[in-house]
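To start, the structure itself, in structure tokens.
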Amino acid sequence: MKPNARWHNWKKPWEIIKMENLKYTNTGNKDTRSGFGEGMLELGRKNDKVVALCADLKGSLKLGAFAKEFPERFFQSGIAEANMISTGAGLSLNGMIPFVTTFAVFATGRVYDQIRQSVAYSKANVKICASHAGITLGEDGATHQILEDIGLMKMLPDMTVINTCDFNQTKAATIAIADYRGPVYLRFGRPSVPNFTPADQKFEIGKAIKIREGSDVSIFATGHMVWEALMAAEDLEKKGISAEVIDIHTIKPLDERAVLESVAKTKAVITAEEHFVAGGMGEEIASLLAMNNPAPMEFVAINNKFGQSGRPEELMKAYGLDSEHISQAAEKVIRRKK
């Protein structure tokens with residue numbers, strides 16, 4: 001399997017990543033939405049309470065296999081996302097486990113009122129599964145590249161927010177959230193990215209993963225940025241800098257213990273996410289540290305600007321969301337240490 005040559009930093013298939021307990025090996029590039037599709041198919045076969053709703057995007061959400069095998073549990077809502085959310089809430093009240101699916105910009109921005117009132121306020125057992133998030137949506141441009149969805153969702157009481165980093169983790173998270181009682185926002189994407197987490201992993205909601213041990217700086221990354229953080233750590237090692245990399249796949253509830261223990265050791269912090277600074281994972285970590293253990297911190301995220309049309313790898317570089325910018329931020333924050 002050849003890596004995706006279109007992605008400038010993601011050209012190292014089969015590389016073994018240093019970490020604490022397991023070996024994380026990049027087995028090639030796969031899109032995270034396909035991990036969701038495979039997870040849904042597996043869920044459908046073992047849990048007859050799982051139903052899927054889609055807003056006219058069955059192919060994009062990789063739900064074709066689920067719809068074919070379980071037509072009585074697949075509901076095509078059409079381009080009526082608000083109705084889809086409300087229908088999902090109703091199904092949950094009748095004991096079903098609805099997975100409502102569409103693009104992230106529609107799954108959050110277009111239907112916020114329905115999510116707030118019918119899902120979050122009611123603590124409905126609805127799983128909002130959103131694909132095509134962030135600027136890696138690429139050529140579709142700013143109108144579809146939502147960068148505020150994590151903020152919108154994590155502000156809602158009782159909403160769990162998950163942002164997965166690769167195919168395997170997305171599949172595992174999809175399966176795990178079916179057993180979790182309560183509303184969940186699961187975010188994933190369209191582009192093919194390195195698939196490096198274990199295929200047999202047990203996904204634990206709210207439990208961060210330390211992928212690489214380090215002593216000079218803590219890099220907390222989420223989603224597609226986890227791989228970029230690992231590549232940055234490799235580059236920093238060549239400069240004599242030991243970077244700890246932690247995968248924050250669950251942004252809410254945040255694994256506060258993992259964050260505080262790492263920062264107590266390194267005393268310098270980088271957060272990396274494909275999201276606005278405002279409302280993102282970085283703000284959540286900054287708030288935690290401000291109340292417990294303040295430390296120099298740099299945000300690798302998008303600050304107060306919309307996306308634009310372009311190839312995903314070009315946009316990641318243009319908006320400073322690549323390993324090079326993470327490395328630069330790490331060197332900067334280390335200089336700020338007392």
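The values are calculated or read from the model by the stated rules, or taken from the named source; none is laboratory data. All of these numbers come straight from a predicted model, not from anything done at the bench. No Cβ is skipped: glycine too gets one built from the backbone with ideal geometry, and neighbour counts run over all protein chains shown.
Things to note:
- Flag for T143 being out of contact with any Ser or Thr (no Cβ under 8 Å at 6 or more places or on another chain), closer than 23 Å to I128 by Cβ and crowded, with 24+ Cβ neighbours inside 10 Å: no
- Test: residue in segment 185-202 that is assigned to a helix (DSSP H, G or I) and in contact with a strand residue (DSSP E or B) (Cβ under 7 Å, 6 or more places away or on another chain): no
- Selection status of K305, within 21 Å of E148 (Cβ to Cβ) and among the basic types (K, R): yes
- Remark: pairs (first residue in segment 33-44, in the same structural domain as E69 (by TED's automatic domain parsing) and farther than 12 Å from E69 by Cα; second residue of a type in the set (G, A, S) and modelled with pLDDT under 95; Cβ separation under 8 Å; 6+ apart in sequence or on different chains) = R33/S60; R33/G189.
- When A124, A130, A65 are checked against the criterion of being of a type outside the set (S, T, Y), part of a helix (DSSP H, G or I) and assigned by TED's automatic domain parsing to the domain that holds V161, a single residue qualifies: A65.
- Meets criteria (surrounded by 20 or more Cβ atoms within 10 Å (Cβ to Cβ) and either touching a strand residue (DSSP E or B) at 6+ places or on another chain (Cβ under 9 Å) or assigned by TED's automatic domain parsing to the domain that holds R45 (or both)) for I205: no
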